[in-house]
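The values are calculated or read from the model by the stated rules, or taken from the named source; none is laboratory data. These numbers were taken from a predicted model, which means no experiment stands behind them. When we count neighbours, we look across all protein chains shown, and the Cβ atoms used for this are built from the backbone with ideal geometry, even at glycine.
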Amino acid sequence: METSRFTLPFLLIALSFLLSLSAQMTGNFKCGEPGDSPSTCRSLVGYSSKNATTLGNIQTLFAVKKLRSILEANNLPLSTTRAQRVIPNQVVRIPIPCSCSNGTGVSNRVPVYTVKKDDTLFFIASEIFGALVLYPKISEMNAIPDANEINVGQKLWIPLPCSCDKLDGRDVVHYAHVVKSGSSLGEIAAQFGTDNTTLARLNGISGDAQLLADNPLDVPLRACSSSVRNDSLDANMLLPNSSYAITANNCIRCSCAASNNWTLSCEASQLKPSNWPTCPTSRCEGAESLFIGNTTSTSCGPLSCAYAGYSNQTIFTTLSPDSCPDSGGPGPPGNYASTFSSSFSFVMVLIQFALLCLCLL
C-alpha cells in the first residue's frame with residue numbers, strides 16, 4: 001500500500017513530462033531566435049478531414065480570404081469552385097500567414113474557431129483541425145486557465161505551426177505535415193523531396209523513435225529560384241513544386257515545377273487585371289521580339305525573357321542570360337547606347353588616322 005501511494009503520483013508526473021516533451025519535439029516550429037525582431041511570411045499546412053467536405057468549407061474553417069489561394073497551393077484549375085468535393089483523408093494544402101516571434105512560428109491570429117456544444121479542446125485540435133495543432137497550444141495561446149472548461153460561443157485562436165526560416169541559407173516553404181501511424185523519416189523525406197537527416201535536424205529529433213503519429217512535422221519544401229527583384233511588390237513570392245501564383249494584379253501567372261530545373265516559369269495570365277485598366281506590356285526590354293515566358297535561339301545559345309516583378313503600373317522583365325557578347329542579337333537592357341558609342345569612337349579614330357596620312361603626303 002505504501003508503495004502504491006508513491007507510485008501513482010510518480011507515474012502521473014512521468015506521463016505529464018513525456019507529453020510535454022512530445023509537444024516540444026513536434027508541436028512547435030522553430031522560427032528565428034529568441035530576441036529577434038518579429039517576421040512574417042506565407043507558410044503551408046496539410047489538412048485532411050475524416051469526413052467528406054468541400055473546398056468552400058475548408059476555406060471558411062481556415063479563414064482563407066480567397067479560394068484562389070487554395071487552388072494555387074494545390075495546383076488546381078482556376079475554374080474549380082467552392083463546391084468541389086474533398087474525400088475523407090484527402091490532404092489539402094492550406095496557405096497561412098505565419099508570424100515568427102521569440103523563436104517560434106504560429107499562424108498570425110487566424111483561424112478563429114467558435115466553440116460548439118460538446119466541443120473539447122482535444123476534439124477541436126485533433127478532429128476539427130486534423131491534428132495540425134496540439135490542444136495544450138490552443139489553451140496556452142488563448143490564456144485558458146482550465147483546458148477542460150470552455151464555453152459554447154467562445155472564440156478561440158487556433159495557433160497553427162509554421163516557420164519563415166531559411167534552410168542552410170536557401171529559401172524554402174515550410175509545410176506542416178501530420179505524421180501518419182507507421183511512417184518513417186525516410187518515407188516522409190522521399191515523399192517531399194528532402195532527406196531524413198534534414199527532417200530530423202529541423203524538428204529537433206534523433207530518429208524514427210521520436211516521430212509521433214498525429215503530430216505536425218516541419219517539412220521544408222524547396223522553392224523555385226526566380227528573377228523577381230527585391231523592390232517588387234511580390235518580392236517575397238516563394239513557390240514550391242506543383243504550385244502556381246497569379247501576380248502583378250492578375251496579369252502574370254508564375255508556376256514552379258521540378259521538371260523545369262527548379263526555375264520559376266512565368267507568362268501573361270490572360271486574366272482581367274484587378275487594379276489596372278489594362279495589363280502593362282510584358283515585352284522584354286532590350287529584346288522587343290520577346291515577351292515574358294518566350295525564348296529564342298541566338299549564336300551563343302537560348303535567350304529567355306523572365307518575369308522580374310511589378311510596381312505601380314509597370315511589369316519588370318529581365319533577359320536570361322543577361323548578355324550575348326558574340327552574337328548580333330539582343331543584349332542586356334540599355335546596352336545599345338554603349339555599343340553605338342564604342343563603334344562611333346572606333347570610326348572616328350580611323351578617320352583621324354586617314355587624314356593624318358593625307359597630310360603627310
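Structural remarks
- The residues of region 50-70 that are exposed (fewer than 14 other Cβ atoms within 10 Å of the Cβ) and either within 23 Å of Cys254 (Cα to Cα) or among the aromatic types (Phe, Trp, Tyr) (or both), listed by number, are Lys65, Lys66.
- Identity of the residue in region 71-83, among the polar types (S, T, N, Q) and touching a strand residue (DSSP E or B) at 6+ places or on another chain (Cβ under 6 Å), that ends up surrounded by the most Cβ atoms within 10 Å (Cβ to Cβ): Asn74
- Those strands (runs of 3 or more DSSP E) of region 259-318 in which 3 or more residues are polar (S, T, N, Q) occupy 295-298.
- Condition check for Leu239: over 19 Å from Ala308 (Cα atoms), surrounded by 14 or more Cβ atoms within 10 Å (Cβ to Cβ) and modelled with pLDDT of 95 or more: no
- Criterion violated by Asp231 - all others in (1) acidic (Asp, Glu); (2) loosely packed, with under 14 Cβ neighbours inside 10 Å; (3) under 30 Å from Ser181 (Cα atoms) satisfied: (3)
- Residues in region 251-300 that are over 30 Å from Phe192 (Cβ atoms) and either hydrophobic (A, V, I, L, M, F, W, C) or in contact with a helix residue (DSSP H, G or I) (Cβ under 6 Å, 6 or more places away or on another chain) (or both): 10 in all.
- Residue within region 264-277 that is more than 30 Å from Ser43 (Cβ to Cβ) and not assigned by TED's automatic domain parsing to the domain that holds Ser69 present: yes
- Tallying residues that are touching a Ser or Thr at 6+ places or on another chain (Cβ under 6 Å) and outside any strand (DSSP E or B) within region 160-199 yields 3.
- Region 202-223 residues that are free of Cβ contacts under 8 Å to residues at least 60 places away in the same chain and closer than 18 Å to Val172 by Cα, paired with ones that are in a loop (DSSP other than H, G, I, E, B) and not basic (Lys, Arg) (beta carbon under 7 Å, 6 or more apart): Val219/Thr194; Pro220/Thr194; Arg222/Gly193; Arg222/Asn241; Arg222/Trp262; Ala223/Asp171; Ala223/Leu238; Ala223/Leu239
- Selection status of Asn236, at positive phi, part of a loop (DSSP other than H, G, I, E, B) and not assigned by TED's automatic domain parsing to the domain that holds Arg93: no
- Subset of region 224-253 (residues that are without any contact (Cβ under 8 Å) to a residue 60 or more places away in the chain and under 13 Å from the mean Cα position of the chain (by Cα)): Cys224, Ser225, Met237, Asn241
- Breaking point among (1) more than 21 Å from Leu71 (Cβ to Cβ); (2) among the basic types (Lys, Arg); (3) buried (at least 21 other Cβ atoms within 10 Å of the Cβ), for Arg253: (1)
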